1. Taking the residues in the range 93-118 that are open to solvent by less than 20 Å² (accessible area, probe 1.4 Å) and of a type in the set (A, V, I, L, M) as candidates, determine which candidate is nearest to PRO150 (Cα to Cα).
2. Based on what the data block shows, is LYS319 under 27 Å from SER199 (Cβ atoms), among the basic types (Lys, Arg) and at pLDDT 95 or above?
3. Conditions first: (1) closer than 25 Å to TYR132 by Cα; (2) at pLDDT 95 or above. ASN277 passes all but one, so which condition is the exception?
4. With the structure loaded, tell me whether GLY117 is under 26 Å from LYS43 (Cβ atoms) and over 17 Å from the mean Cα position of the chain (by Cα) or whether it fails that test.
5. Can you list residue pairs whose Cβ atoms sit under 8 Å apart, with the first residue in the range 391-409 being under 23 Å from PHE235 (Cα atoms) and free of Cβ contacts under 8 Å to residues at least 60 places away in the same chain and the second being surrounded by 15 or more Cβ atoms within 10 Å (Cβ to Cβ) and β-branched (Val, Ile, Thr)? Count only pairs 6 or more apart in sequence or on different chains.
6. Of all residues being aliphatic (A, V, I, L, M) and open to solvent by less than 10 Å² (accessible area, probe 1.4 Å) in the range 232-281, which is nearest to ALA200 (Cα to Cα)? Just the residue, please.
7. Within the range 38-54, does at least one residue satisfy the condition of being at pLDDT below 60 and of a type in the set (Asp, Glu)?
8. Six or more apart or on different chains, Cβ atoms under 8 Å: show the pairs whose first residue is in the range 253-267 and without any contact (Cβ under 8 Å) to a residue 60 or more places away in the chain and whose second is open to solvent by less than 10 Å² (accessible area, probe 1.4 Å).
Amino acid sequence: MKKYTKIIALLTVMVFVLSAALTGCGGSKTSENTSSGQTEQKKEPVELVVWSHLTDPEIAKVQEIANKWAEQTGNKVKVLADQSDFQAFSTAAQSGKGPDIMFGLPHDNLGTFQKAGLLAEVPEGVINKDDYVPMSINAVSYDGKMYAIPISMETYALFYNTEKVKTPPATLDDLIKLGKEVGFQYDVNNFYFSFAFISAYGGYVFKDTGGGLDPNDIGLNNDGAKKGLELIKDFVTKYKFMPADINGDMAKGNFQSGKTGLYISGPWDVDGFKKANVPFKVAPLPQVDGKPMPSFAGVQAAFVSANSKHQQEAWDLMKYLAENTGLPLFETGNRIPALKSLLDNPEVKNNEILNAFAEQATHAIPMPNIPQMAAVWTPAGNALQLITSGKVPVDKAADDMVNQIKQGIATQQ
């Protein structure tokens, strides 16, 4: 009897131990996850702040898309109009009060932000570079590294009045011939627009070394650049297409009123012409010597602040916005998507006007994003005014421009 009693007692102990062990396993199923014996606490929700450089309707659309990410992740997002000022962002970021993300900023600001240590490098896996128009990736890269994600891109092209022009000019000779017949104008003293005619013959701002831009190699007074500047001078002094003191508003107004049939500008003018019932279409810039004319391109970029306390969440949101804002911004603000797949989207492909800008963008050169570019705009604009007014010969104006740019860069340093 004692023998059986001992056996029963032993079985009772074993059942108790096994029961306790099972209870312990079941009790470990909490709201926490376990991995390798370590307890991983569930992260608290965070609130991300996004400053956007876009228009109010576009900002509202970005907020709407960001809200979907917030719902999926349990976080919060505020999308606000940015301060449009480097110093404001720099001060806010360094004090810990700046945004986590800047969204829609013109890419040529990146060099200044990077030099100040305000940009977080884009981590591997956030985007696939091959999914984007190559020009847009170059625009957000600095010293061979990506510091932002391209969201959309813009450039200028040739508007033509369809009642005056049945077939847009395919070559520079065609442009000049048609210009004599129907009128051709643009903001000729604006370096942003006139750069296309300079680059068409081999002029450049800073030499692209393949790994970055060399600010010590300026190509605005080489033979090609001077040939382009001579052509720009001819537009005013030889062909009399436009007066030397023309500005963007004058050129736009003359096209809108029907006084001229050809006009160079960007997608920002499209809605205004539609509302004014202007009969127009848009074509890529004409070819020069059988090659596309490279215009300047701007890329609306987005980056994560190096000072953000929520890097992981910020990049997760950034990835979501990059994947989901392209088409809505095309619909809301005529922004040309930087993603190749969206350029093939029927909604984009079938938009004849904006598709022309998209085609021109594939031939475009991104505006230099290094800080030294700030020393270019004023000397270049002044040189154009002196050339178109006939006050200074092209050779001297070009050489003086480059010397002034070099002096400006030296002052920066």
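The values are calculated or read from the model by the stated rules, or taken from the named source; none is laboratory data. This structure is a prediction, so every number in the text was calculated from the model and none was measured. Counting neighbours? That spans all protein chains shown, and the Cβs are built from the backbone with ideal geometry, glycine included. Heads up: the accessible areas ignore ligands, DNA and RNA and are worked out on the full protein's heavy atoms, side chains in. Shrake-Rupley method; radii C 1.70, N 1.55, O 1.52, S 1.80 Å.
1. Once the filter is applied, the top-ranked residue is LEU105.
2. On the way: under 27 Å from SER199 (Cβ atoms): no; among the basic types (Lys, Arg): yes; at pLDDT 95 or above: yes.
When the stated conditions are applied, LYS319 does not pass them.
3. The number of the failed condition is (1).
4. Numbers: under 26 Å from LYS43 (Cβ atoms): no; over 17 Å from the mean Cα position of the chain (by Cα): yes.
Considered against the rule, which asks whether it is under 26 Å from LYS43 (Cβ atoms) and over 17 Å from the mean Cα position of the chain (by Cα), GLY117 comes out as no.
5. Sorted first by the residue in the range 391-409, then by its partner, the pairs are ASP400/VAL392.
6. The initial filter retains those residues of the range 232-281 that are aliphatic (A, V, I, L, M), namely 232, 236, 242, 244, 246, 250-251, 262, 264, 270, 276, 278.
Next cut, open to solvent by less than 10 Å² (accessible area, probe 1.4 Å) only: 232, 242, 246, 251, 262, 264, 270.
Working: ILE232: 12, MET242: 21, ILE246: 23, ALA251: 22, LEU262: 19, ILE264: 15, VAL270: 25 Å.
Here the answer is ILE232.
7. yes
8. GLN256/PHE273
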